[in-house]
Amino acid sequence: MASGVRDFVMTFGAKILILACTIGAQSCLARMLHTEGRGSYAVATLFGTMLNLIFLVGTDVAGRYFVANRRFTVSEGVAHILACGLIGCAAAVGAGLVLMQLPLAFLEKATPLCFYLALATIPVSVLSVASLTMLATLRDFGWYAGIGIASAVSYLVLNVLFLWVFQWDVAGGMLAIIVNGALTVVVGMAVLRRRHGLVAVWPTWKGIREMFGYGIRYFAGRISNQVNFQIGTMILAFFATKEEIGMFSLAAVMTNQIMTVPDSLGEVVMPRVAGDAQGRPELVAQVSRMVSLVCGPLLLGLAVLAAPVTRILFGSEYLPMVPIIQILCVGFFLRSACKMIEYYFLMTNHPGVSSTATVLGIAANLGLMWLLMPWIGLEGAAAAMVGSFVVSGIILMIAFRRYSGMRPLEVWRYRRADWAALREALNGLRNRLGARAAAKG
């Protein structure tokens, strides 16, 4: 437990700094692009993100799983991620070029240059995420945290440089993603080579088949997770104004930052779950309870202070998105609380469970959006997202009982040990941040 807390403190401390840089970059994008430009940026980035998800088929997660359970060496894992990534990226870019020739309404929401740049973000995003998460899989949390912080700072600086200094508008924001991703790939691969013996090896057809086999089982869940998060923006991209798209997208992005907490814990827990024959369900349950203890008060605070936070960070023109943020806070509490359960299935070779939960969630999202958006507009899209998280959470809990044998009351009954672990983690985080501040002083 002590090593897990130490790893979490290191990872979460880094995520806090990354979060600050991310919010700074979003503030820069919002203020420099305004609501209309922010809408164009949202549509262009969504174009690249969805092509990435569709054609990469979850093979990056497969690579992490096979390295974590020692089926692949580090070099083999990276080689197979690169091979599958090359295949997927080629297909994604080709499909994107074809789509850009069609008379689709969302293509009118940004310039052709922005969509071309969105295609260029696909390979760098795949490789940068793969190099970083591989360090977490190897439990090298120090370098994982350090590179993550450097990447976030670089992203903020590049946005300020391209948008504020050079005045490059939406294309500048897209270029910041590309340059930052390329820098992260170079540094991440260099660290893997120096510290973990990464060498060039040829992937095998058997390994590629295994990667795609795992990825296909996770495919529906992976894409549905993003669609659940992006479905409102996707639908709005066809018929809403750029201003409406910009506000809804920014509200979803900002509320989604709470996922920093379960994602940080997930990076620490996933290698431990994958390395155990039973998947350590008691640990998964305890971490889920700790996540809810942290995320609940944070989301409540965001909901209460949404108006002043929006005014300070993004400007008064974004105030209409305040009710959207408040509604989404409910949904992301449910999402964050159940995220560790999803990691459990991914790391115990049951990715199909996550896929089933998210597919049913997106069905609920679409149905509720069809009912609610004509009635209450953007708030209806937010409420639909909440409904989707409720449905997927219920499915995950039912499946978790079946595979782990733990009843929901066992999972969510708080224990004295939970508070002790939380205090230990918070004390460690405070001491680490204090030591860092003293060193700078």
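A quick yes/no check of all residues on (1) among the hydrophobic types (A, V, I, L, M, F, W, C); (2) without any contact (Cβ under 8 Å) to a residue 40 or more places away in the chain:
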site: G146; (1), (2): no, no
site: V165; (1), (2): yes, yes
site: W168; (1), (2): yes, yes
site: M174; (1), (2): yes, no
site: V179; (1), (2): yes, yes
site: L192; (1), (2): yes, no
site: V199; (1), (2): yes, no
site: W205; (1), (2): yes, yes
site: F212; (1), (2): yes, no
Just give me the residues in the stretch 275-291 being surrounded by 19 or more Cβ atoms within 10 Å (Cβ to Cβ) and closer than 14 Å to C338 by Cα, in sequence order. P281, V284, A285, Q286, V287, S288, R289, M290, V291
Output the qualifying pairs, or none if there are none: Cβ atoms under 8 angstrom, residues six or more apart or on different chains, first residue in the stretch 281-298 and of a type outside the set (S, T, N, Q), second residue at pLDDT 85 or above and not in a helix (DSSP H, G or I). P281/G405; P281/M406; E282/M406; A285/M406
Going through the stretch 260-287 in order, the residues found to be farther than 23 Å from A145 by Cβ and at pLDDT 85 or above are P281, E282, A285
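Is there a residue in the stretch 135-142 that is on the phi > 0 side of the Ramachandran plot and touching a helix residue (DSSP H, G or I) at 6+ places or on another chain (Cβ under 7 Å)?
yes
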Looking at the stretch 18-60, which of its residues are of a type outside the set (G, A, S), in contact with a Lys or Arg (Cβ under 7 Å, 6 or more places away or on another chain) and buried (at least 24 other Cβ atoms within 10 Å of the Cβ)? L29, V43
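Let's see how each residue does on (1) closer than 15 Å to M373 by Cβ; (2) at pLDDT below 85; (3) crowded, with 19+ Cβ neighbours inside 10 Å; (4) touching a helix residue (DSSP H, G or I) at 6+ places or on another chain (Cβ under 6 Å):
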| position | (1), (2), (3), (4) |
| --- | --- |
| A200 | no, no, no, no |
| T204 | no, no, no, no |
| M211 | no, no, yes, yes |
| F219 | no, yes, yes, no |
| N225 | no, yes, yes, yes |
| T241 | yes, no, no, no |
| A252 | yes, no, yes, no |
Residue tally, condition modelled with pLDDT under 95 and exposed (fewer than 12 other Cβ atoms within 10 Å of the Cβ), over the stretch 296-311: 1
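Just to be sure before I move on: is F162 modelled with pLDDT under 90, buried (at least 19 other Cβ atoms within 10 Å of the Cβ), closer than 30 Å to F239 by Cα and of a type in the set (F, W, Y) in the structure I sent?
Considered against the rule, which asks whether it is modelled with pLDDT under 90, buried (at least 19 other Cβ atoms within 10 Å of the Cβ), closer than 30 Å to F239 by Cα and of a type in the set (F, W, Y), F162 comes out as no.
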Checking Y344 against (1) crowded, with 19+ Cβ neighbours inside 10 Å; (2) modelled with pLDDT of 95 or more, which test does it fail? (2)
Scanning the stretch 46-94 for residues that are part of a loop (DSSP other than H, G, I, E, B) and within 25 Å of V253 (Cα to Cα), the one farthest from the chain's Cα centre (by Cα) turns out to be V57
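Residues checked against (1) outside any helix (DSSP H, G or I); (2) of a type in the set (G, A, S):
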residue: S154; (1), (2): no, yes
residue: W164; (1), (2): no, no
residue: V187; (1), (2): no, no
residue: R193; (1), (2): no, no
residue: L198; (1), (2): yes, no
residue: W202; (1), (2): yes, no
residue: E243; (1), (2): no, no
residue: F248; (1), (2): no, no
residue: M254; (1), (2): no, no
Determine whether the stretch 132-149 contains at least one residue that is among the small types (G, A, S), buried (at least 22 other Cβ atoms within 10 Å of the Cβ), at pLDDT below 95 and under 18 Å from V74 (Cβ atoms). yes
Among residues of the stretch 318-354, those that are among the small types (G, A, S), within 21 Å of M211 (Cα to Cα) and out of contact with any Lys or Arg (no Cβ under 7 Å at 6 or more places or on another chain), counted: 1
When you go through L334, L371, L360, L396 one by one, which is the residue that is among the aliphatic types (A, V, I, L, M) and either closer than 17 Å to F248 by Cα or surrounded by 22 or more Cβ atoms within 10 Å (Cβ to Cβ) (or both)? L396
Name the residue, out of M347, M385, that is in contact with a Pro (Cβ under 9 Å, 6 or more places away or on another chain), in contact (Cβ under 8 Å) with a residue 24 or more places away in the chain and within 30 Å of L283 (Cβ to Cβ). M347
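The values are calculated or read from the model by the stated rules, or taken from the named source; none is laboratory data. Just so we're clear, the structure is a prediction, and the values are computed from it rather than from any experiment. All Cβ positions, even for glycine, are placed from backbone atoms using ideal geometry, and neighbour counts span all protein chains on display.
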